[in-house]
Amino acid sequence: MRRSVSWMPARWRGALLLALCVTVSGCGLGGQEQYPDQRYKGQGTPNYGPPQSVFGEGGLTVGTTKPDQNTDTPGTGIGVNSFLWRASLDTVAFMPLVSADPFGGVIITDWYSPPQSPSERFKVNIYILGRALRADGIRASVFRQQQDTAAGWIDAPVASNTATDLENAILTRARQMRIAQLGQ
């Protein structure tokens with residue numbers, strides 16, 4: 001006599017069978033991976049091309065890779081220009097960091113009060129927008145607050161050229177790093 005799995009409710013057996021089928025179908029049956037590339041009206045079978053990646057042509061890399069021929073970024077595993085990334089970190093090194101994401105290219109600092117004026121504080125967000133060392137590849141946002149005895153910290157206006165000056169300082173440092181590396 002055959003033993004059944006009667007201890008398991010029927011709906012759980014169905015769910016288990018469905019999960020098993022999905023898992024096995026995801027494994028593939030071997031052979032070359034190919035995905036439909038194009039299919040035109042009236043065409044019987046689609047054209048097959050190389051497998052595509054969600055992360056783009058090069059895929060996701062972590063660690064050292066080959067240098068990208070179209071950018072100034074030497075072999076790095078980060079998603080943004082490494083010169084801009086390092087220059088940004090160097091430029092805001094005096095401020096405490098809240099977050100630094102090298103794949104997304106985002107640096108967020110915590111509030112910093114200069115020793116000369118403890119009644120005001122600043123916060124900086126830096127966004128590196130691409131892998132090329134270009135002037136439009138970086139954006140900075142600067143926030144300022146002043147301390148009020150009754151209300152605590154209140155938002156205060158920032159000079160209109162502060163973010164631009166910070167971006168220019170980062171670009172200058174990035175160019176210096178690139179020239180130093182090319183000279184080696």
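Only residues that are more than 17 Å from Ala132 (Cβ to Cβ) and in contact (Cβ under 8 Å) with a residue 60 or more places away in the chain were counted across region 156-175, and they come to 2.
The set of residues in region 121-137 being touching a helix residue (DSSP H, G or I) at 6+ places or on another chain (Cβ under 8 Å) and more than 16 Å from Phe103 (Cβ to Cβ) consists of Val124, Leu133, Ala135.
I need a count of the residues in region 103-128 that are hydroxyl-bearing (Ser, Thr, Tyr) and assigned to a loop (DSSP other than H, G, I, E, B).
So the first thing to find is which residues in region 103-128 are hydroxyl-bearing (Ser, Thr, Tyr), and the list is 109, 112-113, 117, 119, 127.
Now restrict to residues that are assigned to a loop (DSSP other than H, G, I, E, B): 113, 117, 119.
Summing the residues that are hydroxyl-bearing (Ser, Thr, Tyr) and assigned to a loop (DSSP other than H, G, I, E, B) in region 103-128 gives 3.
When we screen Val54, Val80 for residues that are at pLDDT below 90, out of contact with any Leu (no Cβ under 6 Å at 6 or more places or on another chain) and surrounded by fewer than 16 Cβ atoms within 10 Å (Cβ to Cβ), the only hit is Val54.
Here Ala140 fits the description: in contact with an Asp or Glu (Cβ under 8 Å, 6 or more places away or on another chain), under 30 Å from Gln181 (Cα atoms) and not polar (S, T, N, Q).
Flag set for Arg131, criterion: over 27 Å from Ser117 (Cβ atoms), part of a loop (DSSP other than H, G, I, E, B) and modelled with pLDDT under 95.
Name the residue that is nearest to the chain's Cα centre (by Cα), counting only residues in region 134-166 that are under 23 Å from Asn81 (Cβ atoms), outside any helix (DSSP H, G or I) and not charged (D, E, K, R). Before the answer, list the steps.
Residues of region 134-166 under 23 Å from Asn81 (Cβ atoms): 134-142, 162-166.
Those left that are additionally outside any helix (DSSP H, G or I): 134, 138-142.
From the residues that got through so far, the ones that are not charged (D, E, K, R) too are 138, 140-142.
Working: Ile138: 14, Ala140: 16, Ser141: 18, Val142: 21 Å.
That would be Ile138.
Could you tell me whether Ala100 is outside any loop (DSSP other than H, G, I, E, B), among the hydrophobic types (A, V, I, L, M, F, W, C) and closer than 27 Å to Leu182 by Cβ? So Ala100 fits the description; yes.
The values are calculated or read from the model by the stated rules, or taken from the named source; none is laboratory data. For clarity, every value in this text was computed on a predicted model and none was experimentally measured. All Cβ positions, even for glycine, are placed from backbone atoms using ideal geometry, and neighbour counts span all protein chains on display.
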